[in-house]
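First up is the structure itself, then whatever we jot down about it.
The values are calculated or read from the model by the stated rules, or taken from the named source; none is laboratory data. Here the structure is a predicted model, which means the values were calculated and not measured. Here Cβ is always computed from backbone atoms with ideal geometry, including for glycine, and neighbour counts include all displayed protein chains.
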Amino acid sequence: MRQQILDQITLVLDQRKNFFIREQDIQLYLANHFINSHLFDNVFIEYYVPSSLIPRYPWTDINNIYIDIVLEKNNRFFPIEIKYKTVRQDLPFLVFGQNINVTLGQHGAQNIGCYDFWKDVKRIELFEKTFQSVERGVVLFVSNDSAYQKAPLDPSAGYAPFSIHQGRVIPINSFLDWNDNLAVANGRPGFNIEYAYNINWTPMHIPQHHYVLI
């Protein structure tokens, strides 16, 4: 079923030709597809999980977790986390039938964006490990920022262990942590990754946009 979910996400992202304005647009776009597919018994958005239910949860900044999408099939649950990080880009948009230009925001802070990607990966692993009815989930990272696809110029850069550059391979049971005692590391602890992952950026039919799906 997980591979079927990956295939469905790949399919609908390939069909998308209009811009996403914000992360929630991707969330609703995928959720609507899953609902209309009739492949699942339930499709949940912003699925609520108290972090206190997860033993040794590494992050203390929040008490509650909201999973972007959770799919249910035969009493099995598949969590999906989504990230959308952008740089400034002007794009055409329809507002009440009128063609205008709007501008995507400038997120920057790629070091934090990379960390947040792996944080989502780790949380997906924790859900599976903690709850018997949860299957291995999916993380989707969409961006028009080509900087994410490039390896750090300096392999010893503080954020380098969290890089999501094209072709990166993360072996099973890898430990990801900052290369130095950095201010950005406060509240962002290192953690162990249980599965092996390959980073492969896929182009979309939206100018400048690519995605990683694992």
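Anything in the range 16-55 that is at pLDDT below 95, among the polar types (S, T, N, Q) and either under 20 Å from the mean Cα position of the chain (by Cα) or part of a loop (DSSP other than H, G, I, E, B) (or both)? List them, or say none.
18, 51
Could you please let me know if residue 84 is surrounded by 15 or more Cβ atoms within 10 Å (Cβ to Cβ), in contact (Cβ under 8 Å) with a residue 12 or more places away in the chain, part of a helix (DSSP H, G or I) and aromatic (Phe, Trp, Tyr)?
No; evaluated as a whole, the condition is false for this residue.
Answer with yes or no whether residue 93 is surrounded by 13 or more Cβ atoms within 10 Å (Cβ to Cβ), closer than 22 Å to residue 213 by Cα and of a type in the set (Phe, Trp, Tyr).
Judged against the criteria, residue 93 is not a match.
Quick one: what pairs do we get from the range 21-48, first residue on the phi > 0 side of the Ramachandran plot, second in a strand (DSSP E or B), C-beta under 9 Å, 6+ apart or different chains?
From the range 21-48, the pairs are 46/66; 46/67; 46/68; 46/69.
Okay, residues lined up against (1) farther than 22 Å from residue 203 by Cβ; (2) surrounded by 13 or more Cβ atoms within 10 Å (Cβ to Cβ); (3) free of Cβ contacts under 8 Å to residues at least 40 places away in the same chain:
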{"position": "119", "(1), (2), (3)": "yes, yes, no"}
{"position": "123", "(1), (2), (3)": "yes, yes, no"}
{"position": "127", "(1), (2), (3)": "yes, yes, no"}
{"position": "133", "(1), (2), (3)": "yes, no, no"}
{"position": "141", "(1), (2), (3)": "no, yes, no"}
{"position": "145", "(1), (2), (3)": "no, yes, no"}
{"position": "164", "(1), (2), (3)": "no, yes, no"}
{"position": "169", "(1), (2), (3)": "no, no, yes"}
{"position": "175", "(1), (2), (3)": "yes, no, yes"}
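For the range 56-77, give me the residue count where each residue is assigned to a strand (DSSP E or B) and either of a type in the set (S, T, N, Q) or over 14 Å from the mean Cα position of the chain (by Cα) (or both).
Residues of the range 56-77 that are assigned to a strand (DSSP E or B), as a first pass: 64-73, 76-77.
Filter once more, so that each one left must be either of a type in the set (S, T, N, Q) or over 14 Å from the mean Cα position of the chain (by Cα) (or both): 64-65, 71-73, 76-77.
Residues meeting the conditions: 7.
Find the strands (runs of 3 or more DSSP E) located wholly in the range 89-177 whose residues include 3 or more that are modelled with pLDDT of 95 or more, and list them. Don't jump to the end; show me each part of the working.
Working: elements: 89-95, 98-104, 138-143, 174-176.
Passing ranges, in order: 138-143, 174-176.
Name the residues in the range 10-24 that are surrounded by 14 or more Cβ atoms within 10 Å (Cβ to Cβ) and either under 18 Å from residue 85 (Cα atoms) or basic (Lys, Arg) (or both), would you?
Across the range 10-24, the qualifying residues are 13, 16, 19, 20, 21, 23, 24.
Which condition number in (1) at pLDDT 95 or above; (2) surrounded by 16 or more Cβ atoms within 10 Å (Cβ to Cβ) is the one that residue 75 fails?
(2)
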